[in-house]
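Student: Right, I'll just put the structure down here and ask away after.
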Amino acid sequence: MSKRIWALLAATVVSLIYGLSFTIAKDVMPKYVMPFGFIVLRVSGATVLFWLISFFGPKEKIRSADIPRIIAAAFFGVALNMLTFFKGLSYTSPILGAVIMVTTPMIVLILSAFIMKERMKSRKIIGILLGLVGTGFLILYGKPLGNASHATLGNLLVFINAVSYGFYLILVKKLMDHYHAFTFVKWIYTIGLIMVLPFGWNECAAIQWAHLPTAILWEIGFVVVFTTFFTYLFNLVSMRELKPTTVAVFIYLQPLFAALFAIGLGKDSLTGVKIISAGLIFGGVFLVTHKKS
């Protein structure tokens, strides 16, 4: 298979893992672990794993000129990204948060046009809009919005999360041009851990490990190893071959996989609207990822 096919597969696996994680993380938070404490667990566990795997990569030295970019990537891709998302969801409803999150591809497209001078092809714009419509239907259909405390602030924080992730994708793309992924990702997470510790240390220290059910321990392990470590690793693999706008559009697949997972567990049912939504999402992803020969 070509490198592009491997990159598209990696991006799809990332969306699949995130889709599963919505259900899994809800089992853990906030009953057993508070949100910011969970972030510290995620980042610290992934940091250890990235340092261990870095020994198998090439021995490259970070240029001093790239240190500010790595610090910025840690801020936008780890600290601000995770903190605003979890805090935002605690204020607004998950449905509203999910709707705002899928604006990320549009944000990345705009940022790429201004920062990376990437041409905004009409095919990509149509694909992103198709995915946006499909995801909106999938998330909103049949679910009441309900009342949420401090919804405006929560929505703003989730939107900041989406913008932050957009900046991260663009910053990392520049680093990928000069280094192997293992060289800089360990530093991104190490710096990110330092940034999130002041916010989540107390919540992390309050975890009653002795009273956690075995199933919850496995779910925490899944979030640390798969949702954090492997997703960032696979994202970097896909970023090497794909443009940031292409990687971002795979966010649309997350609610689709989440719905399929819920249906598989008997917690949801397949309807005509969901089938149409799935068609729109896959159509949008195809338009954005398809490369003319």
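Student: Here are some residues: Ile216, Ile207, Ile263. Which one is among the hydrophobic types (A, V, I, L, M, F, W, C) and not in a helix (DSSP H, G or I)? Reasoning before the result, please.
Tutor: Numbers: Ile216 fails: not in a helix (DSSP H, G or I); Ile263 fails: not in a helix (DSSP H, G or I).
None of the others qualify; the one that does is Ile207.
Student: Here is a list: Ile194, Ile251, Ile220. Which entry is buried (at least 16 other Cβ atoms within 10 Å of the Cβ) and more than 30 Å from Leu109 (Cβ to Cβ)?
Tutor: Values: Ile194 fails: buried (at least 16 other Cβ atoms within 10 Å of the Cβ); Ile251 fails: more than 30 Å from Leu109 (Cβ to Cβ).
From the options Ile194, Ile251, Ile220, the qualifying one is Ile220.
Student: Scan the stretch 1-35 residue by residue and report those that are in a helix (DSSP H, G or I) and hydroxyl-bearing (Ser, Thr, Tyr).
Tutor: Thr12, Ser15, Tyr18, Ser21, Thr23 - these are the residues of the stretch 1-35 that are in a helix (DSSP H, G or I) and hydroxyl-bearing (Ser, Thr, Tyr).
Student: Take the stretch 57-70 and flag every residue that is surrounded by fewer than 14 Cβ atoms within 10 Å (Cβ to Cβ) and over 25 Å from the mean Cα position of the chain (by Cα).
Tutor: Listed by number, the residues that qualify are Pro58, Lys59, Glu60, Lys61, Arg63, Ser64, Ala65.
Student: Working only within the stretch 49-92, note down all residues that are among the small types (Gly, Ala, Ser) and part of a helix (DSSP H, G or I).
Tutor: Here is the first cut: in the stretch 49-92, the residues among the small types (Gly, Ala, Ser) are 54, 57, 64-65, 72-74, 77, 79, 88, 90.
Result: Ser54, Ser64, Ala65, Ala72, Ala73, Ala74, Gly77, Ala79, Gly88, Ser90.
Student: Could you check Met176 against (1) open to solvent by less than 30 Å² (accessible area, probe 1.4 Å); (2) modelled with pLDDT under 85; (3) touching a Ser or Thr at 6+ places or on another chain (Cβ under 6 Å) and say which number it fails?
Tutor: That leaves (3) as the condition not met.
Student: Working carefully through the options Ala73, Ala11, find the one that is buried (at least 19 other Cβ atoms within 10 Å of the Cβ), among the small types (Gly, Ala, Ser), touching a helix residue (DSSP H, G or I) at 6+ places or on another chain (Cβ under 6 Å) and modelled with pLDDT of 90 or more.
Tutor: Working: Ala11 fails: modelled with pLDDT of 90 or more.
That would be Ala73, the only listed residue that is buried (at least 19 other Cβ atoms within 10 Å of the Cβ), among the small types (Gly, Ala, Ser), touching a helix residue (DSSP H, G or I) at 6+ places or on another chain (Cβ under 6 Å) and modelled with pLDDT of 90 or more.
Student: What residue, among those in the stretch 254-281 that are of a type in the set (S, T, N, Q) and closer than 30 Å to Arg119 by Cβ, is surrounded by the fewest Cβ atoms within 10 Å (Cβ to Cβ)? Before you say what the answer is, go through the steps one by one.
Tutor: Applying the first criterion (of a type in the set (S, T, N, Q)) to the stretch 254-281 yields 254, 269, 271, 277.
Those still in the list that are closer than 30 Å to Arg119 by Cβ too: 254, 277.
Working: Gln254: 23, Ser277: 25.
Only one residue fits best here, namely Gln254.
Student: Among the listed residues Trp187, Trp209, Trp201, which satisfies the condition of being surrounded by 15 or more Cβ atoms within 10 Å (Cβ to Cβ) and either closer than 30 Å to Val40 by Cα or of a type in the set (Val, Ile, Thr) (or both)?
Tutor: Working: Trp209 fails: surrounded by 15 or more Cβ atoms within 10 Å (Cβ to Cβ); Trp201 fails: surrounded by 15 or more Cβ atoms within 10 Å (Cβ to Cβ).
Sole residue among the options that is surrounded by 15 or more Cβ atoms within 10 Å (Cβ to Cβ) and either closer than 30 Å to Val40 by Cα or of a type in the set (Val, Ile, Thr) (or both): Trp187.
Student: Since Leu242 meets every condition but one in (1) modelled with pLDDT of 75 or more; (2) open to solvent by 10 Å² or more (accessible area, probe 1.4 Å), which condition does it not meet?
Tutor: (2) is the only condition that Leu242 fails.
Student: Consider Tyr168 carefully, then state whether it is open to solvent by less than 10 Å² (accessible area, probe 1.4 Å), touching a Gly at 6+ places or on another chain (Cβ under 6 Å), at pLDDT 80 or above and not aliphatic (A, V, I, L, M).
Tutor: Against the criterion (open to solvent by less than 10 Å² (accessible area, probe 1.4 Å), touching a Gly at 6+ places or on another chain (Cβ under 6 Å), at pLDDT 80 or above and not aliphatic (A, V, I, L, M)), Tyr168 qualifies.
The values are calculated or read from the model by the stated rules, or taken from the named source; none is laboratory data. Worth saying up front: this structure is predicted, and the values here are computed from it rather than measured. Cβ sites come from the backbone with ideal geometry, for glycine too, and all protein chains shown count toward neighbours. For accessibility, only protein heavy atoms count, side chains too; no ligands or nucleic acids. Shrake-Rupley method; radii C 1.70, N 1.55, O 1.52, S 1.80 Å.
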